[in-house]
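Everything on this sheet refers to the single structure shown next.
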Amino acid sequence: MLALGLVLTLINIVISWRLGRIAGDNPWGAWTLEWATTSPPPKGNFVRLPPVKSSRPLWDLAHPEDPDHQRPPRHDQQGHIRPEERNHER
């Protein structure tokens, strides 16, 4: 089984290397600041630092009508997720 897993991994590496697409700057569609720069990052990372008002600054830039920094906190004082947030993906 170990040999089979190794062979399948090597096949996947060869196929991805030959036929795989280049991922781009933000392949995951993430909302945090490290994904705001190009890949590989230039020296100094940013020409101008984007405004940071929340834990998801790229969300704030992409959705000015619904910025994250104006939303109520997800957790109560004890650190539990508030009931209205349990069924929602931020």
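Values quoted throughout were computed directly from the atomic coordinates according to the rules given, and no laboratory measurement underlies them. All figures in this text were calculated on a predicted structure; none of them were measured in a lab. We place every Cβ from the backbone using ideal geometry, glycine too, and count neighbours over all the protein chains shown.
Observations, loosely collected:
- Per-pair calculated FRET efficiency, R0 = 41 Å: Phe46 and Gln78 via Cβ, rounded to 0.05: 0.65
- In sequence order, calculated HN-Hα J values of the range 49-64 (Karplus, 6.51, -1.76, 1.60; Hz; x Gly/Pro): 5, x, x, 10, 10, 8, 7, 10, x, 6, 5, 4, 6, 7, 10, x
- Label-reachable residues, the range 27-41, where backbone N falls under 18 Å from a point 7 Å from Asn12's Cα toward its Cβ: 28
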